[in-house]
Every structure is written in structure tokens, then in C-alpha cells.
Amino acid sequence: MDPVNWVMEPLQHAFMIKALVISAVVGGVCALLSCFMTLKGWALMGDAVSHAVLPGVVIAYALGLPLAVGAFVFGVGSVTVIGLIKQSTRVKEDTVIGLVFTGFFALGLILVSKVRSSLDLMHILFGNVLGIRPQDFQQTLVIAALVLVALVVFRRDLVLFCFDPTHAQSIGISTGFLYYLLLSSLSLAAVAGLQTVGIILVVAMLVTPGATAYLLTDSFGAMAVLAVASGILSSLLGAYLSYWSDASPAGCIVVVQTLLFVMAMVFAPKYGLLRRAFNNQPSQ
Amino acid sequence: MTTTPGAMEPPHIAVENLSVSYAGVVALSNASLRLNQGAICGLVGMNGAGKSTLFKALMGFVRPATGTIRINGQSVAQAQRRQSVAYVPQSESVDWDFPLNVTDVVMMGRYGSMGPLRNPRRRDHEAVRHSLELVELWDLRRRQIGQLSGGQRKRAFLARALVQGASVLLLDEPFNGVDVRTEKLMAQLFMAFRRERRTLLISTHDMDHVTGFCDQVVLINKTVLAYGETSEVFTRENLALTFGGCVLDQSKEVPGPQRGSMVADHREGWS
């Protein structure tokens, strides 16, 4: 197979160019967010919020509002509900998260099936990056840009918030603001990712690149760059693989991300399994 | 009354009738104390006696049910805005695998006085360098924090508090599990802070440290039982009150604050 043709041929299709652009943008922005998610220990939260936005997306769609508005309300709302239940009952937090997000998700399923719209459940669940509508394309770019700006502008405060919220508070930085900033970014990224890989797999975009990068470096700046690079690379490579193999684009993107993680896990220069096995050799 | 040279000036920290409760459970009631500027003060009490509640109140993390706190004649909120109070936590309170190096962590002490983007200016870099040299970590400044020893971690936190330029330092069990070098260095630094007229409040389980270099001592058991000159306050009767008459067991350590709650953890405990 001619490698130039492998790269160039898909670019002759407008739908493919759009798919590559949107996957790369969403993959990159979600990857930046994933650094904070993994360092803050919010992977399960990412899973919860990405599912809980479903009813919001459907309602926003039905009312003709931007999907981001619905996602934002239900994303932040679900976490508020989780917090309230945790405070007022003896049920453990992971249990509460599990039952709240599935409850919201189930409500979303009912709404999708009852609210008359052109929303296709399969597209929401598994993404529809090859057939993305123009208005969704624009909306997703705007959302991604918003999240990107928020994360870049407040990156230092967010790192501090993830590392030592007590110190942040003691020097007068509002941890409440940072908490909701991160949570809002998560809700918005979930709805952006929904367009690309669908609700089921969006959590991979919000976790895997950060985890991969975390194994490769001891510096947050390098971690952010590596995560974004791996997020964009997975999106592009996944879209191409999907084109040439006629397989699900969401599946391809996430499988590439996972393979990158596995490679980092094995070959990472300092924290890889090979290096650790080598280090554990009894010295003669 | 106290007889230190600073006794005539207004107290640096003045707490009057402070009561704090969490969800109806009283953590501290009617606590009053006055600490002189430039004093090294030991804070002594059992686990759950209210030491960390007092720290939280001085940092503005808890809203007192009753009472007032004045730091340098100002309210806690004013003192916080002026970066007057720095807290040195127990080192178990953070994730040391975090991808940060020593300089990154110490620079965080400057965030409160930086612009909204927290872009370090030249004087921030200089302050970080100066404090890293003071705590003898300059050579390790690029090291990932997880590769520091227990004593070096404590010193990194101390450096972070120093760059804040605070006049009040709250230290939570600073001598827990540190090496001899760190202990010696910290004791020297505390003396230097005293010369700079900074006020230190050090929670500790080690009675030798209290008698060794604390000018003042605060004995606490759900309220302030006694405070003042170490020689006057540190009596057998007062200690019996503080520890409820039980034998002192110095081997018992306070577990560090729990980390890693996923929901609303900014509201838990520390607010």
C-alpha cells in the first residue's frame, strides 16, 4: 500500500476532512483536561458526568438550545445531586456516583425514545463523527475553544487545586471557583466528545491521554504537551484506520489511545514495566 | 502575666472566646489566647483536642460560632488577603507522585501575591531561590517531589510557607518522622524567624521540643486550658488536665488528613 495515498485519499472527501478536524480538536482538548482528571482522581467523575449529560442534551435539542447548555446544567446538576446524597445518607461515594449517573443516563434514554427529534440514539452512544452536521461541527469547535481557554488561563491554579487544595485556600484562592471551573469544563468536554466518540467512550478521551503522559514525565508542562499530542495523534490515526478498515471511528480512536497507553506502560523510560523489571534485577 | 520583652506590645495573635462546632459537635469552646510577636509557641493537646480546628480558624477555613480572632490587629480575612498567615501541613496531606518539582511547589507559595495568571516575576524567582537556599534544598530544586526524603519534603513545605512572606507560621507536627539533619536545620530556622519577629505556632507531641525552644505554650483540650510562658504553663498539673490525667503516649501519631474525595472536596473539612 502506498503510504502517501493512504494519507491523501481520505482527504478528497469533505466528510473525512471534517471528521479529522473535529476528532483532532476534541481529542486534543479532552486530553488536556484528562491531565487534571487523572491527577485529581476524577476518572470516575468523568465517567459519571459524561453519562449524566444525556438528558440535558436531549432536552436542549428538543428546545432548540445549544447542546452545551443542556450538558452543562445536567453535568453540574448530577454532581450536585451526588454531593447532596453523599452528605445526607450513609451510602458510600462510589455507590452514589454509580447510581446517580445511571439514573440520569436512563432518564436520557427514555427522553431520546419519547421526544420526537432527529437525534439518533446510536449516534449519541457511539458517536457520528463521519456524519456530523454543520451546526454540530461549529458548536463542538466553540465548546472545545471555550474549554481550552479556561484550562490554559487557569492552568496554574488548577494544578495547585489538584495538588494541594488546602494550600490554595490558605492563600486566599477560591477552591470553590476552581472546583466548578473543572466540573464545567468536564461537562462541556463531555458534550464535545459525545459528537466524536459518543457517550460510552468519551471517558476514554477524558482519562487515557493523561494517564499515558503521566507515565512518561515528572513535569506537568511536559505531561500536558504529551497528553495533547497523544490525544490528537490517536484521533487522526483512529480516523484513518476507520476509513481504511471501514470500522467504527470511535472504536478505532479509543483503541489507538489504549494502545498508546499500553506502549507507555511497557516502554516508558522511567516508569515503564521494562525499566522496572530491569531495575529489580538483583545486582551481581 | 508573661514576662517576655514583647509583653508590653499588643499581641500578634489574639483569640477571644472562640467556639467552633462541626454539624453540632463542639470542637472548641470558649478558647482564648494571646501570642506575642516573634514568639515560638508550642500547641500541645491530644488527638481530637482541637489543634487542627484552631489552625483552621486562624486560616479562615471554619466560621467560628462565637468569638473573635485578630492577627496583627486584623481580621482573619484581612490577614489572609495580605498573605500574613502561612500553613505548613503534615507531609502526608498531598500526593507526592504529582508531576511537580521542588521549585514548582515552592513557587505555589507566591501565588496569592501574583496576578491572576500566576506568571512568576523576577522577585518571585528570587524569593523562591532564597528560601530554597535557607532550607538547603537549592541543589535538589529540579527533583520530582516524590524523590525527596521525609525530611526534605517537610523542608519543601517550609520553603513554600517562607516565600509567602507571612508573619505568622502555623506548623502541623513539623518534627514528625524527620531526620536529624532536618530537625536541627528547622530548629535553627525557627530561631532565625524569631529574630525576624515572625510568630510561630507549632503543634507537637514532643515535650522535649516544647521545653527545648518554645517561648510560649498553649495547652488545649476542647478549649484552651492554659497559655503563656513555657516555664509557667508547662506544669505537671496543667499537663494532667491537658491529657485527661492519662499517661503521655508519645508514640501515637495523628493520621494525616484524608485525600482524594471526588465530590465537593473543597467543601470538606477545610472550609
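The table that follows gives values for the structure above.
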{"quantity": "Answer from A:M8, A:M1 - the residue that is of a type outside the set (F, W, Y), exposed (fewer than 14 other Cβ atoms within 10 Å of the Cβ) and outside any helix (DSSP H, G or I)", "calculated": "A:M1"}
{"quantity": "Of all residues making up the range B:57-94, the number that are part of a loop (DSSP other than H, G, I, E, B) and either touching a Gly at 6+ places or on another chain (Cβ under 6 Å) or closer than 23 Å to B:R143 by Cβ (or both)", "calculated": "4"}
{"quantity": "Among (1) surrounded by fewer than 14 Cβ atoms within 10 Å (Cβ to Cβ); (2) within 14 Å of chain B (Cβ to nearest Cβ); (3) of a type in the set (G, A, S), the one test that A:S78 misses", "calculated": "(1)"}
{"quantity": "Among (1) within 23 Å of B:M186 (Cα to Cα); (2) of a type in the set (S, T, Y); (3) within 14 Å of chain A (Cβ to nearest Cβ), the one test that B:S131 misses", "calculated": "(3)"}
{"quantity": "Residue tally, condition at the interface with chain B (Cβ under 7 Å from one of its Cβ atoms) and in a helix (DSSP H, G or I), over the range A:154-175", "calculated": "10"}
{"quantity": "Boolean, A:F104 is in contact (Cβ under 8 Å) with a residue 40 or more places away in the chain, surrounded by fewer than 21 Cβ atoms within 10 Å (Cβ to Cβ) and assigned to a helix (DSSP H, G or I)", "calculated": "no"}
{"quantity": "Filtered residue count, the range B:95-129, keeping only those that are part of a helix (DSSP H, G or I) and either under 23 Å from the mean Cα position of the chain (by Cα) or closer than 19 Å to B:L140 by Cβ (or both)", "calculated": "18"}
{"quantity": "Among (1) among the hydrophobic types (A, V, I, L, M, F, W, C); (2) more than 16 Å from the chain's Cα centre (by Cα); (3) within 9 Å of chain B (Cβ to nearest Cβ) - the single one A:A213 does not satisfy", "calculated": "(2)"}
{"quantity": "Residue match in the range B:214-236 (condition: charged (D, E, K, R) and at pLDDT below 85)", "calculated": "yes"}
{"quantity": "Filter result (within 12 Å of chain A (Cβ to nearest Cβ) and under 19 Å from B:V94 (Cβ atoms)) within the range B:167-193", "calculated": "B:L169, B:L170, B:D172"}
{"quantity": "Test: residue in the range A:121-132 that is of a type outside the set (A, V, I, L, M, F, W, C) and loosely packed, with under 13 Cβ neighbours inside 10 Å", "calculated": "yes"}
{"quantity": "Number of the condition not met by B:W96 [criteria: (1) touching a residue at least 60 places away in the same chain (Cβ under 8 Å); (2) surrounded by fewer than 23 Cβ atoms within 10 Å (Cβ to Cβ); (3) farther than 18 Å from B:L219 by Cα]", "calculated": "(1)"}
{"quantity": "Residues of the range A:43-88 satisfying the condition of being under 20 Å from A:G198 (Cβ atoms) and in a loop (DSSP other than H, G, I, E, B)", "calculated": "A:V53, A:P66"}
{"quantity": "So A:L201, is it within 14 Å of chain B (Cβ to nearest Cβ), part of a helix (DSSP H, G or I), of a type outside the set (S, T, N, Q) and in contact (Cβ under 8 Å) with a residue 24 or more places away in the chain", "calculated": "no"}
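The values are calculated or read from the model by the stated rules, or taken from the named source; none is laboratory data. All of these numbers come straight from a predicted model, not from anything done at the bench. Methodologically, a virtual Cβ is constructed for each residue, glycine included, from the backbone with ideal geometry; neighbour enumeration extends over all protein chains shown.
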